[in-house]
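Take a look at this one; I'll ask things after.
The values are calculated or read from the model by the stated rules, or taken from the named source; none is laboratory data. Since we're looking at a predicted model, the values are computed, not measured. When we count neighbours, we look across all protein chains shown, and the Cβ atoms used for this are built from the backbone with ideal geometry, even at glycine. Just the protein is used for accessible areas: all its heavy atoms, side chains included, with ligands, DNA and RNA removed. Shrake-Rupley method; radii C 1.70, N 1.55, O 1.52, S 1.80 Å.
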Amino acid sequence: MADCFIFDAVRSPRGRGKKDGSLHEVTALELAAQSLQAIRDRNALDTAELDDVIMGCVDPVGEQGADIARAAVLKAGYAESVPGVQINRFCASGLEACNMAAGQIMAGQSELAIGGGVEAMSRVTIGSSGGAWPEDPSIAIPAYFVPQGISADLIATLDGFSRDDVDAFAVESQKRAAKAWASGYFKNSVVPVKDSQGLTILDRDEHMRPDTTMQSLGALKPAFAEFGAMGFDSVAIQRYPQVEAMNHVHHAGNSSGIVDGAAAVLMGTKKKGKALGLTPRAKIKAFASIGSEPCIMLTAPAEVTKKVLGRAGMTAKDIDLFEINEAFAAVVLRYIREMKLSPAKVNVNGGAIAMGHPLGATGAMLLGSVLDELERRDLKTALITLCIGAGMGTATIIERV
């Protein structure tokens, strides 16, 4: 089996996912194409050498539907010989795209590929693609379907995380992200989004609220109590009868932000990289995905972490930095507790609570950001993982070379 090396990773800044967000007038196609152009130009890449471009997109409908990866390849001015494919593993789509590209390379079926993702959430509303899982009673009922926010509150209830616990985590995420931006930690990977005249539209994540305090978060009402009252609390309690009553603790301030963004990661064999003058930065050590109980839905990161560590012949002590998507604060708190991790090694530069979660792109963004941080700290290994709708988890281990 061939080794798969990471040569470069770029991402757009995350634009606030509303009509007044800076990227609202930029299509998903343009966001994806600019990321592809950036990774080509930074590496003086002859795109005819690429075997595939794989991009995650969670709501592949309308203007970001119909295989946006291939459309982005053409829009970016890549060689016509380069194929593109869109994949969807919900919130882990961007990381799964990287894993699929790596899998092609490790299997000897590709020599050079790009994994990444895109989501323009201000333009294509979350949930626009519908789906059988929430809408078809034949699967929704036996799977005990509830909205993700109910699942997050269920985790908090079962694990005893209070409103103060989740709010304190959110404040820390904001502080870490603000420090990282102020210190220039993201400058190596973030590529400004520009308009047709070449003028910069956005060059930094705009969802952040560095002035967030426990007091400001305390003024926010729980976001999912109304869903619970509509009957979803009863569904969750039916599945978990040990719960007497749901404790609704999550709200917009301690949950992932809705944003626009795109990312791309260039990977290949050592031989191909050498031929093209590319310098390997890290190696894909191992990756894995699992299914988990679909009602609580967001607990898989710990189990998939154990699986990928076993696959790599490693333990959690062998990992220098962890990145877990901050879908909801309780998800990360549970992960830290179950894996017995030091919070100082997890999401060291903040996460999606502060900077936002562009669904199809986030996993690839996390991979690139933690690689930059490994280099900055002169550390060796990192593990990236995300919880996923319908009960799944994906994880990847990278190792600097």
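Among 376, 176, 16, whose mean-square fluctuation peaks in a Gaussian network model of the chain (Cα, cutoff 10 Å)?
With Cα springs under 10 Å in the chain, the top fluctuation among 376, 176, 16 is at 376.
Another one. Before rounding to the nearest 500, sum -39500 (n - 2.57) across all DSSP H runs of length at least 4 in the chain and divide by the residue total; then give [θ] at 222 nm in deg cm²/dmol.
-10000 deg cm²/dmol
Considering only protein heavy atoms, what per residue accessible area in square angstrom results for segment 108-202 with a 1.4 angstrom probe?
Counting only protein heavy atoms, the per-residue value for segment 108-202 is 44 Å².
Calculate how many DSSP beta bridges within segment 319-401 are antiparallel, expressed in % of all such bridges and rounded to the nearest 5.
In segment 319-401, approximately 60 percent of DSSP beta bridges are antiparallel ones.
A further question follows. By the scheme Lys and Arg +1, Asp and Glu -1, what is the net charge of all other residues having a beta-carbon under 14 Å from that of residue 160?
Local charge sum for residue 160: -3.
If the cut-off is 15 Å between C-alpha atoms, which aspartates and glutamates fall inside it for residue 340, apart from same-chain ones fewer than 8 positions away?
159, 303, 318, 320, 323
Additional query: What number comes out for accessible area per residue over segment 261-401 if the probe is 1.4 Å? Units Å², please.
That works out to 30 Å² per residue.
Report, in order of residue number, the helices in the chain meeting two criteria: a C-alpha extent of 20 Å or more along the helix axis, and a mean Kyte-Doolittle hydropathy of at least -0.5; treat each whole DSSP H run as one helix.
Both cut-offs are met by 28-42, 362-377.
For the chain, with all protein chains present and a 1.4 Å probe, just round the carbon and sulfur fraction of the accessible area to a whole percent.
That fraction is 52 percent.
Follow-up question, since we're still on this one. Please compute the modelled spin-label separation between residue 195 and residue 138, points set 7 Å along Cα→Cβ, answer in nm with one decimal.
About 5.1 nm separates the two model spin labels.
Taking the Cα centre of segment 322-401 as origin and charging only Cβ (+1 Lys, Arg; -1 Asp, Glu), how large is the dipole, in debye to the nearest 20?
For this selection, approximately 240 debye.
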